[in-house]
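See structure below.
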Amino acid sequence: MAIKIGDIFPDTVLTYVPYDAKNPEACGLPQQLKTHEVFRGKKVVLFAVPGAFTPTCSEEHMPGYVRLAGDMKSKGADIVACVASNDQFVMHAWGKSYSVKDDILMLSDANGELGSALGLVNDGSARRMGPIRLARFALIIDDLKVIYVGIEPAPGVSVSGAPAVLAKL
Amino acid sequence: MTIKVGDEFPEVQLKYVPYDAAAPNACKGPQLLDTKKAFSGKKVVLIGVPGAFSPTCSVQHIPPYVAKADELKAKGVDLIVCVSGNDFFVMEAWGKQEKVANKILMAGDANGDLGRATGLSIDLSNAGLGAVRLTRFVAIIDNGKVAHLAVEPDPTEVTVTGADKTLSAL
């Protein structure tokens, strides 16, 4: 059963490679992000993609957030984050390819813990994408409470896209 | 049970996005690679890595293979394939970053079929890389038979699986 408005966002551990402004070309050390610890007291926009470097995610979904992350922060978002089941090195590299710097936190849910807790994980094996893939969705989380849920009903980007989320902030 | 020298290399389906010299930044349609069909009658160097874009793989393991691809081919290698537990889109993007062009075929084993069939899969959940990854290895496969197999005792390092070691094994 998928997460819905009013639910408390799950407490899980994600991993990421932080952006290092002094050494932007470096491949830094992965860090853990405990969602409740980091999201508590904050307004968070979290969007999820099935796969880094895949066509829809790369051409239609991510660019909107790259363009509008600043506007989201002006409207009160403290954190804009992207999560996928790719590992933290892949997420870091994908973020670099858009020069996101620290505008968007690139998070990894490689074990599918968050996806399972949200009820938004799919099996991509039929397309040889492996058994753990996140659905395409976006959430707005306010002090750990989910206040917007946009789960894509079909291929493409609509309710989980940056313009839809910006309108809800 | 892990694969060893003398074994027939297992038949599995991997997936890859072919390099297109005319459009090196395009993301063309993925293709299936059936190891039995693709390796039949050929000498293949198969490099297994834990993770695309990860430091050791990106800096220490793959670049020497790119640099020595011609030397490997001069010693009779028909095909160099790099495979990991990442998916084929990620492998294609990584190949672009590593500038492999058409020297190394970058294949994805996201379903873990190759890892399971060879016994060379490794659980890297604790490192945040997922439960079914490939350990670091290099195999020389001659007409479908494993002629050489080097498995890194510590997958975070590159010693026995390095390009120079593979060259001397040919």
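The values are calculated or read from the model by the stated rules, or taken from the named source; none is laboratory data. Keep in mind it's a predicted model, so treat the numbers as computed, not measured. A quick note on method: Cβ atoms are made from the backbone with ideal geometry, for glycine too, and the neighbour counts reach across all protein chains shown. SASA here: full protein model, heavy atoms, side chains in, ligands and nucleic acids out. Shrake-Rupley method; radii C 1.70, N 1.55, O 1.52, S 1.80 Å.
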- Stick to the Cα atoms of segment B:64-121, pair each with every other, and give me the Kirkwood hydrodynamic radius in Å at one decimal. 12.2 Å
- Note on the structure: Here the FRET efficiency for B:Gln97 versus A:Val159, based on Cβ atoms and R0 = 30 Å and rounded to 0.05, is 0.40
- Message: To the nearest 20 Debye, how big is the dipole of segment A:35-169 about its Cα centre, given +1 on the beta carbon of each Lys and Arg and -1 on that of each Asp and Glu?
- Response: 160 debye
- Query: Hey, any idea what % of segment A:110-169's accessible area is carbon plus sulfur with a 1.4 Å probe?
  - Reply: 54 percent
- Query: Counting pairs of alpha carbon atoms under 8 Å apart in space and at least six apart in sequence, what relative contact order in percent does segment B:75-170 give?
  - Reply: 20 percent
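Among the listed pairs A:Lys43/A:Lys75; A:Lys43/A:Lys145; B:Lys37/B:Lys165; B:Lys15/B:Lys73; A:Lys96/B:Lys68, which have their C-alpha atoms separated by more than 20 angstrom in this model? It would help to have the intermediate numbers written out before the result.
Values: A:Lys43/A:Lys75 10 Å; A:Lys43/A:Lys145 9 Å; B:Lys37/B:Lys165 27 Å; B:Lys15/B:Lys73 23 Å; A:Lys96/B:Lys68 28 Å.
From A:Lys43/A:Lys75; A:Lys43/A:Lys145; B:Lys37/B:Lys165; B:Lys15/B:Lys73; A:Lys96/B:Lys68, over 20 Å: B:Lys37/B:Lys165; B:Lys15/B:Lys73; A:Lys96/B:Lys68.
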- Note on the structure: Cα-based Rg/(2.2 N^0.38 Å) for segment B:51-163, rounded to two decimals, is 1.01
- Query: Leaving out same-chain residues fewer than 8 places away, which aspartates and glutamates sit with a Cα under 15 Å from that of B:Lys75?
  - Reply: B:Asp142, B:Asp164
- Counting DSSP beta bridges in the protein assembly as shown, what percent are antiparallel, to the nearest 5? 70 percent
- Note on the structure: Restricting to Cα pairs under 8 Å and 6 or more apart, the percent relative contact order of chain A works out to 31 percent
- With each label point set 7 Å from Cα along the Cα-Cβ vector, what nm distance links B:Asp7 and B:His148? 1.9 nm
- Task: Taking just the C-alpha trace of the protein assembly as shown, give me its Rg and Dmax in Å.
- Result: 20.6, 64
- Count the net charge of all other residues whose Cβ sits under 9 Å from the Cβ of B:Asn143, scoring Lys and Arg as +1 and Asp and Glu as -1. +2
- Message: What does the charge count around B:Gly76 come to, taking other residues whose C-beta lies under 13 Å from its C-beta (Lys +1, Arg +1, Asp -1, Glu -1)?
- Response: 0
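Which shape class, rounded, prolate or oblate, goes with segment A:23-81 when its Cα gyration tensor gives a ≥ b ≥ c as root eigenvalues, a/c under 1.5 marks rounded, and past that a/b bigger than b/c marks prolate? Spell out each step's value before the answer.
On the way: a/c = 1.61, a/b = 1.12, b/c = 1.44.
It comes out oblate by the Cα gyration axes.
Would you mind classifying segment A:1-115 by shape? Square roots of the alpha carbon gyration tensor eigenvalues, ordered a ≥ b ≥ c; an a/c under 1.5 is rounded, otherwise it is prolate if a/b is larger than b/c and oblate if not. Display every interim value, and only then the final one.
On the way: a/c = 1.31, a/b = 1.24, b/c = 1.05.
Taking the square roots of the gyration eigenvalues as a ≥ b ≥ c, segment A:1-115 is rounded.
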- Please name which of B:Met91, B:Phe39, B:Ala110 has its Cα lying farthest along the dipole of segment B:1-111 towards the positive end, using unit charges on Cβ (Lys, Arg +1; Asp, Glu -1) and the Cα centre as origin. B:Phe39
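Pairs A:Lys34/B:Lys96; B:Lys36/B:Lys103; A:Lys22/A:Lys168: which exceed 29 Å Cα-Cα? Please report the intermediate quantities before stating the final value.
On the way: A:Lys34/B:Lys96 33 Å; B:Lys36/B:Lys103 20 Å; A:Lys22/A:Lys168 35 Å.
From the list (A:Lys34/B:Lys96; B:Lys36/B:Lys103; A:Lys22/A:Lys168), the Cα-Cα distance tops 29 Å for A:Lys34/B:Lys96; A:Lys22/A:Lys168.
Among DSSP beta bridges lying fully in segment B:57-170, give the percent that are antiparallel, nearest 5. Let's see the in-between values first.
On the way: 9 of 13 bridges.
Here the antiparallel bridges make up roughly 70 percent for segment B:57-170.
Can you bin segment B:1-63 into rounded, prolate or oblate? Criterion: square roots of the alpha carbon gyration tensor eigenvalues sorted a ≥ b ≥ c, rounded for a/c under 1.5, prolate for a/b above b/c, oblate for the rest. Please report the intermediate quantities before stating the final value.
Working: a/c = 2.24, a/b = 1.25, b/c = 1.79.
The shape class here is oblate.
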- Net charge near A:Gly41, counting Lys/Arg +1 and Asp/Glu -1 over other residues with Cβ under 11 Å of its Cβ? -1
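Dividing the alpha-carbon Rg of segment A:50-169 by 2.2 N^0.38 Å yields what? Don't skip to the end; give the middle numbers.
Numbers: Rg = 13.6 Å, N = 120, 2.2 N^0.38 = 13.6 Å.
Normalised by 2.2 N^0.38 Å, the Cα Rg of segment A:50-169 equals 1.00.
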- Query: Accessible area per residue of segment A:1-77 at 1.4 Å probe, in Å²?
  - Reply: 51 Å²
- Message: If I model a spin label as a point 7 Å beyond the Cα along the Cα-Cβ vector, how far apart are those points for A:His36 and B:Val160 in nm?
- Response: 4.5 nm
